[in-house]
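Below is one structure, written out as structure tokens; comments come after it.
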Amino acid sequence: MAQMSTNRPDMDEYMMSIAVGVRARANCLGSHIGAVLARDGHIVATGYNGTPHKTPNCDEGGCGRCLNTKDYPSGTGYDLCICVHAEQNALLSAARFGIAVEGSVLYTTWRPCFGCTKEMLQAGVLGVRYGEDWEPNADLKEEYFRLQSYFPDGVKKVELPDGANFHRRGK
């Protein structure tokens, strides 16, 4: 029997395309990021960046930093930003509903920051797949990559679906 050819995406492509879809719900005025936590090829939680549960969204005036970007040069004022990162929201959503994330892989449209990396390691996430790259300032790069090296299944770039390469609003 002849085997039929398909264009079926592999698991990384499939999960990343879902992360791109999840990103559409982000309401941060700065960046739109989506994340999917998957274990054994099954989605256990999703998350996108925005304000905490039951607080006004960024587009409703919820985050002062997002509303006043001219007052905060890039890379500053994060201690004033109340937005929760997509990766954090995926982890917290799973926790809220009692879903174990140990042994999962996190798919995110943007490479995770230091804080999200630490939280995923602490939660037992095995690996990270990301779409767009982000790196810290040169003086922090070595420590950032050392921290990310602790994921047993590594941190790997996965191509985003065509046309999905922008994480900023309006691009």
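Looking at segment 69-79, can you tell me whether even one residue there is touching a strand residue (DSSP E or B) at 6+ places or on another chain (Cβ under 7 Å) and of a type outside the set (A, V, I, L, M)? Give the steps one after another, and end with the answer.
Let us first name the residues in segment 69-79 that are touching a strand residue (DSSP E or B) at 6+ places or on another chain (Cβ under 7 Å), namely none.
No, the conditions are met nowhere in segment 69-79.
For Arg8, indicate whether it is out of contact with any Leu (no Cβ under 7 Å at 6 or more places or on another chain) and within 17 Å of Gln88 (Cα to Cα).
So Arg8 fails the test.
Of all residues being open to solvent by 70 Å² or more (accessible area, probe 1.4 Å) and either among the hydrophobic types (A, V, I, L, M, F, W, C) or outside any strand (DSSP E or B) (or both) in segment 40-55, which is farthest from Ser17 (Cα to Cα)? Just the residue, please.
Within segment 40-55, the match that is farthest from Ser17 (Cα to Cα) is Lys54.
Return the residues of segment 63-108 that are among the acidic types (Asp, Glu), modelled with pLDDT of 95 or more and either open to solvent by 70 Å² or more (accessible area, probe 1.4 Å) or more than 23 Å from Ala24 (Cβ to Cβ) (or both); say none if nothing qualifies. Spell out the reasoning first.
Let us first name the residues in segment 63-108 that are among the acidic types (Asp, Glu), namely 71, 79, 87, 102.
Then keep just the ones that are modelled with pLDDT of 95 or more; that gives 87, 102.
Within segment 63-108, just Glu102 meets the criteria.
Yes or no: Arg111 buried (at least 16 other Cβ atoms within 10 Å of the Cβ), of a type in the set (Lys, Arg) and either under 23 Å from Glu13 (Cα atoms) or out of contact with any strand residue (DSSP E or B) (no Cβ under 7 Å at 6 or more places or on another chain) (or both)? Full working, then the answer.
Numbers: buried (at least 16 other Cβ atoms within 10 Å of the Cβ): yes; of a type in the set (Lys, Arg): yes; either under 23 Å from Glu13 (Cα atoms) or out of contact with any strand residue (DSSP E or B) (no Cβ under 7 Å at 6 or more places or on another chain) (or both): yes.
Criteria met by Arg111.
Could you please tell me which pairs satisfy a Cβ distance under 7 Å, a separation of 6+ or placement on different chains, a first residue in segment 38-54 that is more than 18 Å from Trp110 (Cα to Cα) and touching a residue at least 60 places away in the same chain (Cβ under 8 Å), and a second residue that is open to solvent by 30 Å² or more (accessible area, probe 1.4 Å) and of a type in the set (A, V, I, L, M)?
Every condition considered, the pairs that remain are Val44/Ile99.
The values are calculated or read from the model by the stated rules, or taken from the named source; none is laboratory data. What you see is a predicted model, and the numbers here were worked out from it, not measured in a lab. With ideal geometry, Cβ positions are generated from the backbone for all residues, glycine too; neighbour counts draw on all protein chains shown. Ligands, DNA and RNA are excluded from the accessible area calculation, which covers all protein heavy atoms including side chains. Shrake-Rupley method; radii C 1.70, N 1.55, O 1.52, S 1.80 Å.
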